[in-house]
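To keep things clear, I will list the structure first and then write my remarks on it.
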Amino acid sequence: MASKWRELADKLAEQIRRGDYAPGQRLPHIRELVDAGEGSKATVHAAYKALEAEGLVTSSRGHGTIVRQQVPLKRLGIARYDKAKWRDGDEVAFIADRVASGRTYRRNEQTQTVSRVVAPPEVAAAHGLPEGAEVYARARLVKEGDQPTHTLTSYYRPEHVEGTRLVDPAPGPAGRGGGFRVLYDAGYEIDHMKEQLFARAATPAEVKQLQLPPGEPVVELHRTTYTADGTVVEFAIGVHAASRFAWEYDFKVPDSARDGEGQQ
């Protein structure tokens, strides 16, 4: 015979799967279920912990126990940087992901802090700067509704962004078209970029900031953005909750042997 907490966890899991509780909805407080006769405080707590371990909910102080979004966001690859989106329109990268996923968004779901700091070693190396050089760090936290999805900190040379909207900490993208449009208007049109991905365990600070369930890893992104002449205009580090994104890449397969023949 299953324990009381297991029976309650199975009952709640079934309710979540059939849609009685929608993604992003808070489950009843423990005291509410205790008062409804579902078991003791310890029983309800154990049931909620089981749901969290199964990936159905997240729990955090101040937010309660929230039903997780089970269909991850598409995190587009090349397509999210299409110049037509940000140069000619207003789809910054995180909005392009939401549109491709059929999800709603609000521009103020991105907040940021901006500070001028000594470049960390990997940032200085990416920009080709000497030790001790300063950069602007634009640190964003992006949410879907009330749930954080990822952080992204972009590092810029001061001479590229001084006096632009990229050093404005107001919530939301840096004006129409976001940061890439700001760089474009300043004469730094992005041409190509390199992305590196790393899966790792989350730090305690990341668990708190991203409201991660126990044991969930993160995907760390390093993005280096270049102009056509090879100037690095942005080096960015993102930290993504692993279960909240499905990474999608669509690109032409290269044929270096054939391409080489045409250059001879």
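The values are calculated or read from the model by the stated rules, or taken from the named source; none is laboratory data. Treat the numbers as computed from the prediction; the structure is a model and nothing was measured. Positions of Cβ are backbone-derived with ideal geometry, glycine not excepted, and every protein chain shown enters the neighbour counts. Just the protein is used for accessible areas: all its heavy atoms, side chains included, with ligands, DNA and RNA removed. Shrake-Rupley method; radii C 1.70, N 1.55, O 1.52, S 1.80 Å.
Sticking with the crude label model, points 7 Å out along Cα→Cβ, report the distance from Glu7 to Lys208 in nm, one decimal please.
With each label point 7 Å from Cα toward Cβ, the separation is 3.9 nm.
Sort 48-59, 164-175, 242-253, 221-232 by the packing proxy (mean of other Cβ within 10 Å over each peptide's residues), most packed first.
Numbers: 48-59: 18.8, 164-175: 16.8, 242-253: 12.5, 221-232: 15.2.
Top to bottom by mean Cβ count within 10 Å: 48-59, 164-175, 221-232, 242-253.
Give me D for the stretch 45-181 in µm² s⁻¹, whole number, from Stokes-Einstein with Rh from the Kirkwood sum over alpha-carbon pairs, 4 °C and 1.567 mPa s. Mind dumping the intermediate values first?
Values: Rh = 17.1 Å.
It comes out at roughly 76 µm²/s.
Taking all protein chains in place and a 1.4 Å probe, what share, in percent, of the accessible surface of the chain do carbon and sulfur account for? It would help to have the intermediate numbers written out before the result.
Numbers: 7200 of 13910 Å².
Heavy-atom surface of the chain belonging to carbon and sulfur, 1.4 Å probe: 52 percent.
Given only helices, namely DSSP H runs of n ≥ 4 each adding -39500 (n - 2.57), what is the per-residue ellipticity at 222 nm of the chain, to the nearest 500 deg cm²/dmol?
On the way: 10 runs with 79 residues, N = 264.
Mean residue ellipticity, 222 nm, calculated: -8000 deg cm²/dmol.
Could you list which residues have their amide H under 5 Å from that of Leu73, counting only those 5 or more apart in sequence or on another chain, with H placed in the peptide plane?
Those qualifying (amide H under 5 Å, at least 5 residues apart or on another chain) are Phe245, Ala246.
Taking only protein heavy atoms and a 1.4 Å probe, what accessible area per residue, in Å², does the stretch 73-190 have with all protein chains in place? Don't jump to the answer; show the numbers that get you there.
Details: 5280 Å² over 118 residues.
For the stretch 73-190, the solvent-accessible area averages 45 Å² per residue.
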